[in-house]
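**Student:** Just dropping this structure here.
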Amino acid sequence: MDHTNHVRLLPSELTPDTLSGVTIYGPGDEKIGHVSHLHGARPNSSVVVDVGGFLSIGAKPVALPIQDLDFMRDESGVVHGVTRWTKDQLKELPEHTEESFPG
């Protein structure tokens with residue numbers, strides 16, 4: 001996917017309503033997961049990404065700092081995210097639990 005003409009989201013757009021369910025692409029533009037939800041307040045938010053699985057069944061939730069993802073809109077207005085992390089690297093991260101983020 002060519003991201004050249006995609007518009008980066010403004011910090012004010014990085015909200016749960018905008019990002020929930022967004023597809024995340026890895027460095028080779030492969031689909032690696034979907035945003036489950038966000039934790040914390042900007043600029044220190046974490047994004048929980050469900051990695052792997054099929055239709056979210058068997059997916060592993062992992063938390064990433066929001067700055068590790070680049071969110072943008074494509075020509076059709078669809079929001080997606082891009083990360084330098086590969087699916088295999090994300091699968092090696094500790095599984096996210098709600099106890100990891102009290103509050």
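The values are calculated or read from the model by the stated rules, or taken from the named source; none is laboratory data. Please read these numbers as outputs of a predicted model, since none were measured by experiment. A quick note on method: Cβ atoms are made from the backbone with ideal geometry, for glycine too, and the neighbour counts reach across all protein chains shown.
**Student:** If I ask for residues that are in a helix (DSSP H, G or I) and closer than 14 Å to residue 69 by Cβ, which ones from region 17-35 would you list?
**Tutor:** 18, 19
**Student:** Still on this structure, please answer the following. How many residues does region 39-57 hold that are at pLDDT below 75 and either among the aromatic types (Phe, Trp, Tyr) or in a strand (DSSP E or B) (or both)?
**Tutor:** Residues that pass the stated criteria total 2.
**Student:** Working only within region 77-103, note down all residues that are at pLDDT 90 or above and on the phi > 0 side of the Ramachandran plot.
**Tutor:** Scanning region 77-103 gives a single hit, 77.
**Student:** Please tell me if residue 74 is surrounded by 19 or more Cβ atoms within 10 Å (Cβ to Cβ), touching a strand residue (DSSP E or B) at 6+ places or on another chain (Cβ under 9 Å) and at pLDDT 90 or above.
**Tutor:** Criteria not met by residue 74.
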